[in-house]
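Inspection log for the structure reproduced underneath, given as structure tokens.
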Amino acid sequence: MILVGLLMTLLGFVLALLSLGMTSSVGGRMVMVLAGIALSLIGILGVMNRAYLKNAIWRK
């Protein structure tokens with residue numbers, strides 16, 4: 001599950017980075033960058049955090 005979260009985070013970063021070359025309009029870039037940031041946050045806070053909390057030290 002941690003690998004899935006890491007992959008989602010990386011894909012969000014790549015999406016935000018690729019927005020520079022895909023469109024020249026500011027609005028299009030903004031939408032793509034916000035989608036990349038949202039994907040990264042879901043990967044970090046949603047997927048990876050849940051996986052770490054499942055194996056937390058204080059639950060053992």
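The values are calculated or read from the model by the stated rules, or taken from the named source; none is laboratory data. No experiment lies behind these values; they were computed from the predicted model shown. Protein only, heavy atoms only, side chains kept; ligands, DNA and RNA dropped before computing areas. Shrake-Rupley method; radii C 1.70, N 1.55, O 1.52, S 1.80 Å.
Numbers below:
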read-out	value
Mean ellipticity per residue at 222 nm, deg cm²/dmol - from DSSP H runs of n ≥ 4 across the chain, formula -39500 (n - 2.57)	-23000 deg cm²/dmol
Residues of the chain: accessible area per residue with a 1.4 Å probe, Å²	78
In order through segment 9-14: 3J(HN,Hα) via Karplus (6.51 cos²θ - 1.76 cosθ + 1.60), integer Hz, x for Gly, Pro	5, 5, 5, x, 5, 5
With all protein chains modelled, accessible area of Arg29 [1.4 Å, Å²]	90
Residue-level accessible surface for Ile37, protein heavy atoms, 1.4 Å, Å²	80
Accessible-area composition of the chain, carbon plus sulfur, in percent [1.4 Å probe]	77
